[in-house]
Amino acid sequence: LYFKQSPPENVLVLKTLGGQQALAAVEAGTSSVLVQTPYPLLTERLAEDSRFPQIEFRATEARSLLAEDCPEPCQKPEQNFDRILVAIESSAPVGSTGMDPLKTDQLMSLEGMQSLLNRLAPGGWLAVHRFLLPPPRGEMRLLATVITAMRRQGWKPDQRLGVFRTLSTLMVLVSREAWTPKESSRFREFCLSRGFAPVYYPDMPETERNSVIQLQEPVYALGVRELLADPPAFHSRTPFDLQPVTDDRPYFELFLDWNRLDDIR
């Protein structure tokens, strides 16, 4: 989507383990790219390459970086970003037993998502890329979190949300402004030209819910629409706890609902 719009002035890449996303931004003509990773050694290694002076690397936690650059609410327009990308490496599939569900992720909490939305410049876009791991859990909690965060911002999520999937990944896009019919058309053409399956975009017809990379049931498309129309109904029918998590309990990968254990069996 970089190449379907004019080049962004500045891009923020979060939770990366490599430099692919930053290089894509540079190739698109971005003048400033800030890359965050929690690994200091990786930052040192990437910073050794001086071929791309427009890329800056920071070894810190994502929420810490957002707070350090401009404490919320950020009143400095120059500290906001035209594009924010949460890299897919941070969502590598993990087990749902043992200690894995007890890992914390404050960037994916409800407050963390609002921090991301607050740092979008006018005309800005947030992209969160995630692996799919059936049965649908993390990806649906992500969508529930994004939609709830937008509502807390006073935004209408049905007008600012775009979702598509591949065989193994899901991309969630949020724009600071409402989509125009031209942007919806461009999103659809982008997906179809690359063989991606559109899951949701404003005014998407029902006939496209399962038209590419077909599933036995379009669970992602149906889930998004239910989260937009009636979140309590969605959460009441799923056997997992997919409610957005908050900063006081940021266990994003903890999906077990003990009260519905028999439903999972």
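Observations on the model:
- Residue within the stretch 63-71 that is in contact with a helix residue (DSSP H, G or I) (Cβ under 9 Å, 6 or more places away or on another chain), at pLDDT 80 or above and not charged (D, E, K, R) present: yes
- Identity of the residue in the stretch 90-116, part of a loop (DSSP other than H, G, I, E, B) and of a type outside the set (S, T, N, Q), that ends up modelled with the highest pLDDT: ASP105
- Residue, farthest from VAL245 (Cα to Cα), within the stretch 167-183, restricted to residues that are crowded, with 17+ Cβ neighbours inside 10 Å and free of Cβ contacts under 8 Å to residues at least 60 places away in the same chain: GLU183
- In the set (1) in a loop (DSSP other than H, G, I, E, B); (2) closer than 16 Å to VAL128 by Cβ, PRO53 fails one condition alone, (2).
- Matching option when the condition is part of a loop (DSSP other than H, G, I, E, B), farther than 16 Å from ARG141 by Cα and at pLDDT 95 or above, among PRO198, PRO202, PRO244: PRO202
The values are calculated or read from the model by the stated rules, or taken from the named source; none is laboratory data. The shown structure was predicted, so the numbers you read here are calculated from the model rather than taken from an experiment. Counting neighbours? That spans all protein chains shown, and the Cβs are built from the backbone with ideal geometry, glycine included.
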